[in-house]
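Each remark here refers to the structure printed beneath this line.
The values are calculated or read from the model by the stated rules, or taken from the named source; none is laboratory data. Small disclaimer: the values here were computed from a predicted structure and weren't measured. Using ideal geometry, Cβ is built from the backbone for each residue, glycine included, and neighbour counts are taken over all protein chains shown. Calculation scope for accessible area: heavy atoms of the full protein, side chains included, ligands and nucleic acids excluded. Shrake-Rupley method; radii C 1.70, N 1.55, O 1.52, S 1.80 Å.
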Amino acid sequence: MSTTPTTAPRYTGKRNRLDRPELLAPAGNLEKLKFAVHYGADAVYIGGQKYGLRSGADNFSFEEMKEGVEFASRYGAKVFVATNIYAHNEDIDGLEQYLRNLEEAGIAAIIAADPVIIETAQRVAPKMEVHLSTQQSTMNWQAVKFWKDEGLPRVVLARETSFKEIAEIKSHVDIEIEAFIHGAMCSSYSGRCVLSNHFTDRDSNRGGCCQSCRWKYDLFVDDAPMYEEGEDQFTMGSKDLCMIEYLPELIEVGVDSFKIEGRMKSIHYVATVVNVYRKAIDEYFEDPVNFKVKPEWIEEMNKAANRPLNTGFFLDMPGAEDHIYEPEEKAAPYDFAGIVLEYDENTGFATLQQRNHFKPGQEVEFVGPGGTFFKQTVTELTDLDGKPIDAARHPLQHVRIRTLKPVKPMDMMRKKIR
């Protein structure tokens with residue numbers, strides 16, 4: 001993980017924020033929502049089947065939203081829904097009823113960018129908060145004040161906003177500020193890309209982005225390709241954001257909600273990243289003066305990383321070293337192998353649901369919320385009837401494995417990629 005020597009400013013002005021920063025996690029489906037909350041998220045943001053920018057995610061029906069809200073409420077967590085498209089005329093029909101359905105499902109807030117969606121929600125679903133989406137590219141305190149005056153309690157800042165700019169915003173406007181602290185960064189300006197529209201006729205601002213910045217491209221000089229067959233071609237994707245090393249600065253500058261990107265990401269990714277930030281935030285508030293980032297947090301974060309990590313725009317303007325111009329090796333040398341379903345204290349066997357092939361003799365790691373972590377070699381592996389098997393090779397197969405230590409339902413098992 002790259003770091004920048006620039007020192008982030010400590011916020012010393014007026015604060016108006018939550019008692020402690022909210023940890024806000026993505027959830028592409030109901031299962032991911034449950035894992036995000038179980039691993040420590042204070043709130044999750046999801047997409048419905050309309051008006052969101054991740055049409056490729058599973059997304060939620062209203063019944064699934066109700067179940068998600070009920071599950072989250074057991075942990076004291078909230079559920080937000082992204083309705084952050086820029087609406088065309090044909091998108092408006094059905095908007096009022098959709099927003100009423102969200103309110104009825106118990107959704108705490110929507111995340112919106114289009115003024116018509118914002119105004120409609122305030123009018124037809126007044127019990128549901130409206131948070132301004134990062135799609136509005138808000139970067140100055142006067143714009144934040146404008147949205148406060150429009151009745152919005154929270155603004156999600158543009159990804160391009162720096163520590164210094166956040167401090168200035170917080171010194172002028174008493175409103176909640178949400179900022180991305182982890183995940184993929186857009187190569188365009190806060191998601192305002194139209195490459196997808198031109199290349200594939202998929203509207204990136206209505207949920208159809210094909211992530212064309214991550215493609216491989218050939219380059220030509222005088223109509224001649226620069227690359228020979230078999231050579232790595234040009235890409236233009238940005239590195240992923242990771243602010244774990246700057247949590248005190250984020251807290252001191254006044255960020256109210258720490259947002260993790262990734263509604264398309266796996267359960268393993270979401271649970272791992274949430275788990276690390278949860279530990280770090282809690283330890284900071286236990287002893288702010290002596291808080292230090294632990295090397296194992298960085299190591300753990302890297303096990304879920306999709307790409308190299310950096311600090312985005314928070315400390316300084318990104319340079320060439322903050323982008324990926326050629327295909328990179330997979331950053332995470334671990335595969336998600338299984339989920340614990342139950343544990344038998346008498347036998348020491350855990351029942352797992354397989355998520356990737358594993359077999360006896362392989363080294364695995366178990367990880368869970370609240371500090372569960374240990375390594376072991378897979379020794380005894382059986383089917384549910386206790387018959388030994390040579391591998392867990394079938395998707396979602398239920399198997400039993402002897403574990404060195406007790407585990408709990410929803411703990412994860414992963415294996416190192418050789």
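Miscellaneous remarks
- Scanning the range 90-127 for residues that are among the small types (Gly, Ala, Ser), more than 26 Å from Phe71 (Cβ to Cβ) and open to solvent by 10 Å² or more (accessible area, probe 1.4 Å) yields a total of 1.
- Unmet criterion (only one of (1) surrounded by 19 or more Cβ atoms within 10 Å (Cβ to Cβ); (2) over 19 Å from Ala41 (Cα atoms)) for Asn290: (1)
- Any chance Lys239 is in contact (Cβ under 8 Å) with a residue 60 or more places away in the chain and within 30 Å of Asn59 (Cα to Cα): yes
- Test: residue in the range 39-49 that is charged (D, E, K, R), surrounded by 16 or more Cβ atoms within 10 Å (Cβ to Cβ) and under 28 Å from Ala280 (Cβ atoms): yes
- With respect to the conditions (1) within 21 Å of Gly319 (Cα to Cα); (2) part of a helix (DSSP H, G or I); (3) of a type outside the set (Lys, Arg); (4) open to solvent by less than 60 Å² (accessible area, probe 1.4 Å), Glu300 falls short on a single one, namely (1).
- Count - residues of the range 220-245 that are open to solvent by 30 Å² or more (accessible area, probe 1.4 Å) and either closer than 30 Å to Val293 by Cα or among the polar types (S, T, N, Q) (or both): 3
- Conditions (1) part of a loop (DSSP other than H, G, I, E, B); (2) within 30 Å of Glu299 (Cβ to Cβ): number failed by Arg192: (2)
- Among residues of the range 96-121 that are without any contact (Cβ under 8 Å) to a residue 12 or more places away in the chain and charged (D, E, K, R), those with a Cβ under 9 angstrom from a residue that is open to solvent by 40 Å² or more (accessible area, probe 1.4 Å) and not in a helix (DSSP H, G or I), sequence gap 6+ or separate chain, pair up as Glu119/Glu150.
- Scanning the range 136-145 turns up no residue that is under 18 Å from the mean Cα position of the chain (by Cα) and open to solvent by less than 40 Å² (accessible area, probe 1.4 Å).
- If only residues of the range 26-38 that are open to solvent by less than 20 Å² (accessible area, probe 1.4 Å) and touching a Gly at 6+ places or on another chain (Cβ under 8 Å) are counted, the one that is nearest to Phe180 (Cα to Cα) is Pro26.
- Which numbered condition Arg307 fails, given (1) modelled with pLDDT under 95; (2) exposed (fewer than 15 other Cβ atoms within 10 Å of the Cβ): (2)
- The number of residues in the range 104-133 that are modelled with pLDDT under 95 and on the phi > 0 side of the Ramachandran plot comes to 0.
- Residue-level check: of (1) open to solvent by 70 Å² or more (accessible area, probe 1.4 Å); (2) at pLDDT below 95; (3) not charged (D, E, K, R), Tyr75 misses just (2).
- Pairs, first of a type in the set (Asp, Glu) in the range 8-33, second modelled with pLDDT of 95 or more and not in a loop (DSSP other than H, G, I, E, B), C-beta under 6 Å, six or more apart: Glu22/Ala43; Glu22/Ser257
- Cβ separations smaller than 6 Å between residues 6+ apart or across chains give the following pairs from the range 141-166 residues that are more than 14 Å from Ala112 (Cα to Cα) to residues that are open to solvent by 40 Å² or more (accessible area, probe 1.4 Å) and in a loop (DSSP other than H, G, I, E, B): Glu160/Phe313; Thr161/Met139; Ser162/Phe313; Phe163/Pro9; Lys164/Pro9.
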